[in-house]
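These notes concern the structure reproduced below.
The values are calculated or read from the model by the stated rules, or taken from the named source; none is laboratory data. Not measured: the values here are computed from a predicted model. Reconstructed Cβ throughout: ideal geometry from the backbone, glycine too, with neighbour counts over all protein chains shown.
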């Protein structure tokens, strides 16, 4: 559907800006939604899509700019108000109540169905709505056990019952099968024919091109383009998504590539990722690029034994190994620094000393099994100097340190285990520019000392600057391994979005070495 | 399987199972103990279950929101004493006044729990352990350890436990039992038919979704505690009506009895599932068991508690293992009925 000029917009977002501490999440972004259109919103991770939809649904308030509904300015202070204005959102993981049945899930948010629940009427109403959508579900079934697709159908039914005018769908297809996606798109079409305007956020370009009437691209919190589907090509969209100036990042020194350390052959985990084939050499940084949901972290968790793989082979220094637990992985010389420092990486209320020695406590015991406090402190002091951790004392609580210094403590903790392979998951997320450069410097040093590094990062310039080779993943599959010389933001993004590009695809073991 | 599955929900099967177990128990003890099952026994059970059953109703509401209320025993104890004392001093006050006083004290105590848990964000287990101790010490301090006995109380209150509303042969429906049944029915209706009740299930079932939907979750958790407190107050009134004597120890351990009842009755502390009728059946089951074991010469007092404890663990294990699986079977069976048109393989095949 093209946009008939006589239609007036349902919703307009005008010059919206939003800042969180140091990051300008949105900078003067405008977006217009017409009734009956599917408007796709795309961009890299961190482009500002989530912030924008959170403003539309009242989770955040914009710093600047205004929102208009039917041409009248409105203020949306919470999700309840968004609902009364007819704005609803459906997320990748549907928000159903597992213990309530389908009909109840559809009507639970209604305020106006009288003081008493009329079960019979609710069932017939629910059946009527589902019939209108051509969805066959037993409305008396508890939502527990419904497939994700069925849960989404329930949420769409809920949206219709609330007479939604703007439906935001945040990556609704991420966990659906091809067949389910087709079904979902049918639902979306039928919604639009009833005049609902759909804002569709997606990572799969071919889906965006299938469903969208117009496509808006955001990048780094800024509006880049809004075009009719007929006027754009894949390449144009990808260029819009990545076309920023590559900032001056610290580049990894070209360390001599050492011996083969790790080979992964056909590694897979049912329903998560499969067919991973790559090698890592001593002194090398292998970057893992991909969008959210590409399952990069899951591969790392498998290598570190937290969520062991169930297919394929891990060969370390020529010997096939099974990695079944983190303990096991540490003994094999693999360490993993999680992206989630607060939840998985550090024990926040404990001191720097205790955090660093934690995985290696057995090395700090006297013959009687008591802790050798002095040795622990000595280790912590060593890392404090080596990594330049800024703290008044190594006895300080980790919770009191800045993000960058916490990241250094986490690195210390894993370096203390003297790993041969260090997996870093988003090592610079949420830390400031200065600390970022330091972390980059450290990674480079570690590689120079002969440690093999796998660096998962969503920051494309960082991946490009730091990696010797870059493995690109998409939805649990290895899409490409790019050499430093051939990798650009465009080639990485094309592979990550599943768009065919000229670079070689699939298994890419480096030339030369066997 | 399909017919069974489509006719009953797992929760209902569970309650039927509990009833079947009670019948088996009665049959077993009738064989073991001469003159065990008669109208007098039924009357005794129907009187002794009332206090715990009313507490269990309140506990159910709190459980649905993923919380505990450990203070109900202390609230009931304090209320029993306070109401008894007022009736002692004001012999002319009516029964309605007594009930209103009991509810009032319960509401105040429940609101304190509710404010701390819902608005102060103190975990309910901590909050109510605290108020359990605090309300108990109020009772000790307030009573100066002077017990209230039947001699001090007005006649109507002493005789309350033997007031019979309805006679079916020798089986008596007594006033206390009728009050309890009233509470059970009212709250079962509240949970089934009022939006408030359905939303209690919703916030326990998926708190994140409830937050996004804009439910007043804090207010609802507060109300759950307030109602639990009010019912604990009412239970205090029933306590004095049943026993006629109140000491500083009144109601000790009732919090655990009420939790045992709701757990046996199939209310999940993971929130979002369970019924008031289930909690009542749980209370009835435990009371029946305790009274039967008491009369069974074959087991000593020590083994009585042992058997009771084992049965509670058994109920929870049964819930997790058997009924967890049953729920899945049910869900899958339902799914087959609903999406026969889709013959896609289970594993998501991704778009290429």
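Some notes on this structure:
- Among the residues of the stretch A:217-262, the one identified as at positive phi and either at pLDDT below 80 or out of contact with any strand residue (DSSP E or B) (no Cβ under 6 Å at 6 or more places or on another chain) (or both) is A:220.
- Of A:209, A:185, A:200, all but one fail to be under 27 Å from residue A:16 (Cα atoms) and part of a helix (DSSP H, G or I); the exception is A:209.
- Residues (more than 8 Å from chain B (Cβ to nearest Cβ) and touching a residue at least 60 places away in the same chain (Cβ under 8 Å)) located in the stretch A:167-187: A:167, A:168, A:169, A:170, A:171, A:172, A:174
- Considering (1) closer than 30 Å to residue A:54 by Cβ; (2) modelled with pLDDT of 90 or more; (3) within 14 Å of chain A (Cβ to nearest Cβ), the lone condition that residue B:188 does not fulfil carries the number (1).
- Scanning the stretch B:23-73 for residues that are in a helix (DSSP H, G or I) and under 18 Å from residue B:233 (Cα atoms) yields a count of 17.
- When A:386, A:367, A:429 are checked against the criterion of being farther than 26 Å from residue A:268 by Cβ and in the same structural domain as residue A:304 (by TED's automatic domain parsing), A:429 stands alone in meeting it.
- Residue check for residue A:73: surrounded by fewer than 18 Cβ atoms within 10 Å (Cβ to Cβ), assigned to a loop (DSSP other than H, G, I, E, B), without any contact (Cβ under 8 Å) to a residue 12 or more places away in the chain and assigned by TED's automatic domain parsing to the domain that holds residue A:176: no
- Exactly one residue out of A:164, A:154, A:139, A:117 is part of a loop (DSSP other than H, G, I, E, B), surrounded by 17 or more Cβ atoms within 10 Å (Cβ to Cβ) and touching a residue at least 60 places away in the same chain (Cβ under 8 Å), and it is A:164.
- Single residue of the stretch A:448-470 satisfying the filter (in a helix (DSSP H, G or I) and in contact with a helix residue (DSSP H, G or I) (Cβ under 9 Å, 6 or more places away or on another chain)) that is surrounded by the fewest Cβ atoms within 10 Å (Cβ to Cβ): A:461
- Any chance residue A:59 is within 12 Å of another protein chain (Cβ to nearest Cβ), more than 17 Å from residue B:195 (Cβ to Cβ) and crowded, with 23+ Cβ neighbours inside 10 Å: no
- Enumeration of residues in the stretch B:206-221 that are touching a helix residue (DSSP H, G or I) at 6+ places or on another chain (Cβ under 9 Å) and facing chain A (nearest Cβ under 7 Å): B:209, B:212, B:213, B:214
- Across the stretch B:205-212, not a single residue is classified as closer than 13 Å to residue B:59 by Cα and touching a residue at least 12 places away in the same chain (Cβ under 8 Å).
- Restricting A:92, A:111, A:83 to those that are in a helix (DSSP H, G or I) and either within 30 Å of residue B:11 (Cα to Cα) or within 14 Å of chain B (Cβ to nearest Cβ) (or both) reduces the list to A:83.
- Taking the criterion of being part of a loop (DSSP other than H, G, I, E, B) and in contact with a helix residue (DSSP H, G or I) (Cβ under 9 Å, 6 or more places away or on another chain), the residues of the stretch A:33-68 that qualify are A:35, A:36, A:37, A:43, A:44, A:47, A:57, A:58, A:59, A:60, A:61, A:62.
- Filter result for the condition that a residue is more than 20 Å from residue A:163 (Cα to Cα) and either within 13 Å of chain B (Cβ to nearest Cβ) or in contact with a strand residue (DSSP E or B) (Cβ under 7 Å, 6 or more places away or on another chain) (or both), over A:101, A:105, A:78: A:101
- Residues considered: A:498, A:512, A:430, A:434. Of these, the only one that is at pLDDT below 80, touching a strand residue (DSSP E or B) at 6+ places or on another chain (Cβ under 6 Å) and either assigned to a loop (DSSP other than H, G, I, E, B) or farther than 22 Å from residue A:379 by Cα (or both) is A:498.
- Test: residue A:218 is more than 14 Å from chain B (Cβ to nearest Cβ) and surrounded by 21 or more Cβ atoms within 10 Å (Cβ to Cβ): yes
- Take the conditions (1) more than 13 Å from residue A:290 (Cβ to Cβ); (2) at pLDDT 85 or above; residue A:470 misses just one of them, which is (1).
- Residue B:18 surrounded by 17 or more Cβ atoms within 10 Å (Cβ to Cβ), assigned to a helix (DSSP H, G or I) and either in contact with a strand residue (DSSP E or B) (Cβ under 7 Å, 6 or more places away or on another chain) or modelled with pLDDT under 95 (or both): yes
- Filter result for the condition that a residue is in contact with a strand residue (DSSP E or B) (Cβ under 7 Å, 6 or more places away or on another chain) and within 30 Å of residue A:402 (Cβ to Cβ), over A:36, A:43: A:43
- Residue B:246 touching a strand residue (DSSP E or B) at 6+ places or on another chain (Cβ under 8 Å), modelled with pLDDT of 90 or more and either within 28 Å of residue B:187 (Cβ to Cβ) or surrounded by 21 or more Cβ atoms within 10 Å (Cβ to Cβ) (or both): yes
- A count restricted to the stretch A:358-389 and to residues that are loosely packed, with under 13 Cβ neighbours inside 10 Å, out of contact with any strand residue (DSSP E or B) (no Cβ under 9 Å at 6 or more places or on another chain) and not in a helix (DSSP H, G or I) stands at 5.
- Residue within the stretch A:153-162 that is closer than 13 Å to residue A:97 by Cα and either modelled with pLDDT under 85 or not assigned by TED's automatic domain parsing to the domain that holds residue A:181 (or both) present: no
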